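In what follows, a structure is listed as C-alpha coordinates, so that the remarks can point back to it.
The values are calculated or read from the model by the stated rules, or taken from the named source; none is laboratory data. Keep in mind that what you see is a predicted model, and the values were worked out from it rather than measured. We place every Cβ from the backbone using ideal geometry, glycine too, and count neighbours over all the protein chains shown. Side chains included, ligands, DNA and RNA excluded: accessible areas come from the protein's heavy atoms. Shrake-Rupley method; radii C 1.70, N 1.55, O 1.52, S 1.80 Å.
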Amino acid sequence: MLRQELISEVANNIIDLQLQHPIRVAISGITASGKTTLANELAEELRRRKKEVVRTSIDNFHNPRAIRYRQGKDSAIGYYEDAHDYQAFKEKLLIPLGENGNRQYQIVSLDLEKDEYVNPEQQLATDDTIFIVDGTFLLKKELIHLFDYKIFVQTDFELARKRGAKRETIAFGSYEKAEVMFLNRYHAASSLYLNEHNPQENADIVVNNNDVGSPYFL
(Lines give C-alpha, C1' and ligand atoms only; values in the text may rest on other atoms or scores of the structure.)
Protein backbone atom coordinates (compact mmCIF):
# COMPACT_ATOMS: atom_id res chain seq x y z
CA MET A 1 0.00 0.00 0.00
CA LEU A 2 1.38 3.40 -0.90
CA ARG A 3 2.24 5.40 2.20
CA GLN A 4 0.10 8.40 1.31
CA GLU A 5 -2.90 6.13 0.72
CA LEU A 6 -2.51 4.65 4.18
CA ILE A 7 -2.14 8.09 5.79
CA SER A 8 -5.25 9.28 3.95
CA GLU A 9 -7.29 6.29 5.12
CA VAL A 10 -6.24 6.78 8.74
CA ALA A 11 -7.19 10.46 8.49
CA ASN A 12 -10.62 9.42 7.16
CA ASN A 13 -11.14 7.14 10.16
CA ILE A 14 -10.31 9.92 12.61
CA ILE A 15 -12.49 12.50 10.90
CA ASP A 16 -15.41 10.05 10.92
CA LEU A 17 -15.38 9.86 14.73
CA GLN A 18 -18.43 11.55 16.22
CA LEU A 19 -17.39 12.96 19.58
CA GLN A 20 -18.46 15.87 21.74
CA HIS A 21 -14.90 16.62 22.85
CA PRO A 22 -11.42 16.85 21.24
CA ILE A 23 -10.15 13.68 19.59
CA ARG A 24 -7.11 12.15 21.32
CA VAL A 25 -5.10 9.97 18.94
CA ALA A 26 -2.37 7.67 20.31
CA ILE A 27 0.44 6.40 18.09
CA SER A 28 2.47 3.72 19.84
CA GLY A 29 5.17 1.26 18.82
CA ILE A 30 8.59 0.04 19.89
CA THR A 31 11.40 2.61 19.94
CA ALA A 32 12.40 3.61 16.38
CA SER A 33 9.39 1.86 14.84
CA GLY A 34 8.54 5.01 12.86
CA LYS A 35 5.69 6.27 15.02
CA THR A 36 6.94 9.88 15.18
CA THR A 37 7.22 10.11 11.39
CA LEU A 38 3.75 8.62 10.99
CA ALA A 39 2.34 11.03 13.56
CA ASN A 40 3.87 14.02 11.76
CA GLU A 41 2.54 12.89 8.38
CA LEU A 42 -0.92 12.26 9.79
CA ALA A 43 -0.97 15.72 11.38
CA GLU A 44 0.02 17.27 8.05
CA GLU A 45 -2.74 15.38 6.22
CA LEU A 46 -5.38 16.50 8.70
CA ARG A 47 -4.21 20.11 8.47
CA ARG A 48 -4.48 19.93 4.69
CA ARG A 49 -8.11 19.09 5.29
CA LYS A 50 -8.50 22.28 7.36
CA LYS A 51 -8.63 20.48 10.71
CA GLU A 52 -7.29 22.04 13.89
CA VAL A 53 -4.43 19.76 14.98
CA VAL A 54 -2.17 19.77 18.05
CA ARG A 55 0.89 17.58 17.60
CA THR A 56 2.66 16.47 20.79
CA SER A 57 4.40 13.55 22.49
CA ILE A 58 4.68 11.85 25.85
CA ASP A 59 8.38 12.72 25.58
CA ASN A 60 7.36 16.23 26.65
CA PHE A 61 6.36 14.64 29.96
CA HIS A 62 9.62 13.07 31.08
CA ASN A 63 10.55 12.63 34.71
CA PRO A 64 13.63 14.60 35.86
CA ARG A 65 17.01 12.83 35.69
CA ALA A 66 17.05 11.88 39.37
CA ILE A 67 13.94 9.77 38.81
CA ARG A 68 14.59 8.80 35.20
CA TYR A 69 17.97 7.22 35.89
CA ARG A 70 17.52 6.01 39.48
CA GLN A 71 17.75 2.38 38.28
CA GLY A 72 20.72 3.13 36.02
CA LYS A 73 21.14 4.83 32.65
CA ASP A 74 21.34 1.46 30.92
CA SER A 75 18.42 -0.12 32.76
CA ALA A 76 15.54 -1.43 30.63
CA ILE A 77 13.24 -1.63 33.65
CA GLY A 78 14.29 1.89 34.58
CA TYR A 79 13.32 3.17 31.14
CA TYR A 80 10.05 1.26 31.24
CA GLU A 81 9.04 2.35 34.73
CA ASP A 82 10.70 5.72 35.29
CA ALA A 83 11.17 7.59 32.00
CA HIS A 84 7.82 9.36 31.89
CA ASP A 85 5.61 11.29 34.29
CA TYR A 86 2.30 9.55 33.58
CA GLN A 87 0.41 11.46 36.26
CA ALA A 88 1.27 14.82 34.72
CA PHE A 89 0.60 13.42 31.25
CA LYS A 90 -2.90 12.40 32.26
CA GLU A 91 -3.80 15.39 34.42
CA LYS A 92 -2.34 18.14 32.25
CA LEU A 93 -3.16 16.78 28.79
CA LEU A 94 -5.41 13.77 28.39
CA ILE A 95 -8.08 14.11 31.10
CA PRO A 96 -8.93 17.78 30.42
CA LEU A 97 -9.65 16.84 26.79
CA GLY A 98 -12.08 14.07 27.67
CA GLU A 99 -15.87 14.03 27.86
CA ASN A 100 -16.07 15.79 31.23
CA GLY A 101 -12.86 17.80 30.92
CA ASN A 102 -12.54 21.58 30.95
CA ARG A 103 -10.53 21.61 27.65
CA GLN A 104 -7.65 23.47 29.35
CA TYR A 105 -4.42 21.65 28.59
CA GLN A 106 -0.65 21.93 28.34
CA ILE A 107 1.64 19.91 26.08
CA VAL A 108 4.82 19.92 28.17
CA SER A 109 5.67 19.46 31.85
CA LEU A 110 9.49 19.19 31.85
CA ASP A 111 12.26 21.07 30.09
CA LEU A 112 14.43 18.07 29.30
CA GLU A 113 17.58 20.06 28.55
CA LYS A 114 17.40 22.15 31.73
CA ASP A 115 15.96 19.22 33.73
CA GLU A 116 13.37 21.56 35.21
CA TYR A 117 9.62 21.32 35.59
CA VAL A 118 7.74 23.92 33.59
CA ASN A 119 4.24 25.26 34.04
CA PRO A 120 3.30 27.05 30.83
CA GLU A 121 0.08 28.97 30.47
CA GLN A 122 -2.75 26.57 29.76
CA GLN A 123 -4.31 26.55 26.33
CA LEU A 124 -7.97 26.02 25.52
CA ALA A 125 -8.98 23.35 23.02
CA THR A 126 -12.15 23.45 20.96
CA ASP A 127 -14.29 20.33 20.69
CA ASP A 128 -13.12 19.99 17.06
CA THR A 129 -9.39 19.92 17.87
CA ILE A 130 -7.50 16.72 17.04
CA PHE A 131 -4.53 15.81 19.26
CA ILE A 132 -1.91 13.55 17.68
CA VAL A 133 0.25 12.06 20.45
CA ASP A 134 3.14 9.65 19.95
CA GLY A 135 5.02 7.57 22.49
CA THR A 136 6.42 4.10 22.97
CA PHE A 137 4.25 3.06 25.93
CA LEU A 138 1.01 4.93 25.18
CA LEU A 139 -1.21 1.85 25.12
CA LYS A 140 -0.47 0.82 28.68
CA LYS A 141 -3.60 -0.34 30.49
CA GLU A 142 -3.70 2.76 32.71
CA LEU A 143 -3.64 5.10 29.69
CA ILE A 144 -5.56 3.35 26.95
CA HIS A 145 -9.03 4.49 28.04
CA LEU A 146 -7.90 8.12 27.73
CA PHE A 147 -7.46 7.90 23.96
CA ASP A 148 -10.21 7.96 21.37
CA TYR A 149 -8.29 6.40 18.47
CA LYS A 150 -5.32 4.10 18.94
CA ILE A 151 -2.66 3.21 16.38
CA PHE A 152 0.12 0.67 16.87
CA VAL A 153 3.10 0.86 14.50
CA GLN A 154 4.59 -2.62 14.15
CA THR A 155 8.19 -2.89 13.02
CA ASP A 156 10.53 -5.85 13.46
CA PHE A 157 13.00 -5.33 16.29
CA GLU A 158 16.06 -5.81 14.09
CA LEU A 159 14.93 -3.21 11.56
CA ALA A 160 13.97 -0.75 14.28
CA ARG A 161 17.31 -1.29 16.04
CA LYS A 162 19.27 -0.53 12.88
CA ARG A 163 17.20 2.57 12.15
CA GLY A 164 17.45 3.77 15.73
CA ALA A 165 21.18 3.14 16.04
CA LYS A 166 21.80 5.06 12.83
CA ARG A 167 19.66 7.94 14.09
CA GLU A 168 21.41 8.04 17.49
CA THR A 169 24.99 7.45 16.33
CA ILE A 170 26.12 10.99 17.13
CA ALA A 171 24.30 11.06 20.47
CA PHE A 172 26.02 7.88 21.69
CA GLY A 173 29.39 8.39 19.99
CA SER A 174 29.20 5.49 17.54
CA TYR A 175 26.73 3.24 15.74
CA GLU A 176 27.89 0.26 17.80
CA LYS A 177 27.28 2.00 21.14
CA ALA A 178 23.87 3.17 19.99
CA GLU A 179 22.96 -0.36 18.91
CA VAL A 180 23.94 -1.77 22.30
CA MET A 181 21.77 0.83 24.02
CA PHE A 182 18.81 -0.16 21.88
CA LEU A 183 19.35 -3.83 22.65
CA ASN A 184 19.88 -3.47 26.37
CA ARG A 185 17.61 -0.53 27.27
CA TYR A 186 15.09 0.69 24.72
CA HIS A 187 14.10 -2.55 23.03
CA ALA A 188 14.37 -4.62 26.17
CA ALA A 189 11.88 -2.16 27.69
CA SER A 190 9.73 -2.37 24.57
CA SER A 191 9.59 -6.15 25.00
CA LEU A 192 8.33 -5.69 28.56
CA TYR A 193 5.62 -3.38 27.22
CA LEU A 194 4.51 -5.80 24.50
CA ASN A 195 4.39 -8.74 26.90
CA GLU A 196 2.58 -6.93 29.70
CA HIS A 197 0.10 -4.78 27.80
CA ASN A 198 -0.36 -6.47 24.39
CA PRO A 199 -0.86 -3.11 22.65
CA GLN A 200 -1.44 -4.64 19.22
CA GLU A 201 -4.64 -6.28 20.46
CA ASN A 202 -5.91 -3.07 22.05
CA ALA A 203 -5.23 -0.77 19.09
CA ASP A 204 -7.92 0.32 16.65
CA ILE A 205 -5.48 -0.29 13.80
CA VAL A 206 -2.05 -1.90 13.48
CA VAL A 207 0.29 -0.65 10.75
CA ASN A 208 3.17 -2.80 9.56
CA ASN A 209 5.99 -0.32 8.92
CA ASN A 210 8.87 -2.61 7.96
CA ASP A 211 8.88 -1.03 4.50
CA VAL A 212 8.42 2.67 5.19
CA GLY A 213 7.51 3.34 1.56
CA SER A 214 4.80 0.70 1.51
CA PRO A 215 3.28 0.25 4.98
CA TYR A 216 0.07 -1.75 5.29
CA PHE A 217 -2.71 -2.50 7.75
CA LEU A 218 -2.66 -5.76 9.69
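Quick notes on this one:
- Each of ASN195, PHE147, LEU110 was scored by the projection of its Cα onto the charge dipole of the chain, and the greatest displacement toward the positive side belongs to LEU110; charges sit on the C-beta of Lys, Arg, Asp and Glu.
- Computed as a quarter of the hull surface, the mean projected area of the alpha carbon convex hull for segment 129-173 stands at 4.8 nm².
- Which of ASN209, ALA88, VAL53, positive extreme of dipole for the chain (C-beta unit charges): ASN209
- Magnitude of the charge dipole for segment 61-218, about its Cα centre and with charges confined to Cβ atoms of Lys, Arg (+1) and Asp, Glu (-1), is about 480 debye.
- Global geometry of segment 23-72, whether rounded, prolate or oblate, following the gyration tensor of its Cα atoms and the 1.5 cut on a/c: prolate
- Once C-alpha pairs closer than 8 Å and six or more residues apart are averaged by separation and normalised to the residue number of segment 76-218, the relative contact order reads 25 percent.
- Whether segment 64-148 is rounded, prolate or oblate, judged on the alpha carbon gyration tensor where a/c under 1.5 counts as rounded: oblate
- For ASP134, distant residues with modelled amide H under 5 Å away: ILE27, THR56, SER57, ILE58
- Of the residues ILE130, ILE67, ranked by 1.4 Å probe accessible area with the largest first, the sequence reads ILE67, ILE130.
- For segment 159-204, the pair-distance distribution built from all alpha carbon pairs, in bins 5 Å wide starting at 0, is 5, 23, 23, 17, 13, 11, 6, 1 percent.
- Sorted from greatest to least, the principal axis extents spanned by the alpha carbons of segment 1-98 come out as 44, 33, 16 Å.
- Theoretical ellipticity at 222 nm over the chain - DSSP helices of four or more residues, -39500 (n - 2.57) apiece, nearest 500: -9500 deg cm²/dmol
- Computed over the chain, the ratio Rg/Rh where both radii use C-alpha atoms and Rh is Kirkwood: 0.96
- Each principal axis of segment 99-198 carries a Cα extent, and these read 47, 34, 21 Å when sorted largest first.
- Measuring against 32 Å, Cα to Cα, the residue pairs LYS92/LYS162; LYS51/LYS141; LYS114/LYS162; LYS73/LYS162 contain LYS92/LYS162 as the ones spanning a longer distance.
- Look at the alpha carbon pairs under 8 Å that are at least 6 residues apart: their mean separation over the length of segment 98-154 gives a relative contact order of 27 percent.
- Using a probe radius of 1.4 angstrom, the carbon and sulfur fraction of the accessible surface of segment 69-218 is 47%.
- Here ILE170 and LYS90 are evaluated by their C-beta separation; at R0 = 35 Å the FRET efficiency comes out at 0.55.
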